[in-house]
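Colleague: First the structure, then my questions, so here it is.
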């Protein structure tokens with residue numbers, strides 16, 4: 001059985017929530033210490049593609065040292081998933097859609113960025129229907 005068939009069910013390919021971004025940090029990442037003891041790193045990645053500019057909120061749980069040392073203006077690669085969370089603020093329920101990053105890697109680190117892209121390609125390749133090329 002081919003690798004991309006492994007995730008197939010009788011109803012078709014597996015659901016996939018995969019986000020890949022390459023852009024520039026619009027401000028310094030902001031760490032937030034959570035009550036659980038974890039750290040949440042929050043940042044905005046500005047992506048300019050196809051004549052459009054998007055500012056994408058990104059969060060990373062328990063970032064590694066190199067992610068904590070990123071700063072505004074750094075070009076980064078992000079692989080993660082899109083997540084919408086709901087919370088109470090000012091007596092009402094509000095939502096925020098953001099990318100929950102698996103990793104945030106400076107593009108200048110070509111080896112780590114390439115490995116990150118390859119991991120995304122592998123994840124995507126295992127969810128494609130039979131006969132759809134992942135290249």
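The values are calculated or read from the model by the stated rules, or taken from the named source; none is laboratory data. Just so it is clear, the structure is predicted and the values come from calculations on it, not from any experiment. Using ideal geometry, Cβ is built from the backbone for each residue, glycine included, and neighbour counts are taken over all protein chains shown.
Colleague: Just the residues that are touching a residue at least 40 places away in the same chain (Cβ under 8 Å) and crowded, with 17+ Cβ neighbours inside 10 Å, please, taken from the stretch 46-97.
Modeller: The answer is 56, 58, 59, 60, 63, 70, 74, 76, 77, 78, 79, 80.
Colleague: Give me the residue from the stretch 25-44 that is in a strand (DSSP E or B) and touching a residue at least 40 places away in the same chain (Cβ under 8 Å) and, out of that set, farthest from residue 72 (Cα to Cα). Walk me through how you get there before you give the answer.
Modeller: So in the stretch 25-44, the residues in a strand (DSSP E or B) come out as 25, 30-33, 39-44.
Of the ones still in play, those that are also touching a residue at least 40 places away in the same chain (Cβ under 8 Å) are 25, 41, 43.
On the way: 25: 5, 41: 14, 43: 9 Å.
Among residues in the stretch 25-44 that are in a strand (DSSP E or B) and touching a residue at least 40 places away in the same chain (Cβ under 8 Å), the one farthest from residue 72 (Cα to Cα) is 41.
Colleague: Please work out which residue is modelled with the lowest pLDDT, limiting yourself to the stretch 98-135 and to residues that are surrounded by 15 or more Cβ atoms within 10 Å (Cβ to Cβ) and part of a loop (DSSP other than H, G, I, E, B).
Modeller: Among those residues, the one meeting the criterion is 128.
Colleague: Using the structure shown, decide if residue 8 is surrounded by 10 or more Cβ atoms within 10 Å (Cβ to Cβ), over 15 Å from residue 106 (Cα atoms) and modelled with pLDDT under 95.
Modeller: Values: surrounded by 10 or more Cβ atoms within 10 Å (Cβ to Cβ): yes; over 15 Å from residue 106 (Cα atoms): yes; modelled with pLDDT under 95: yes.
Yes.
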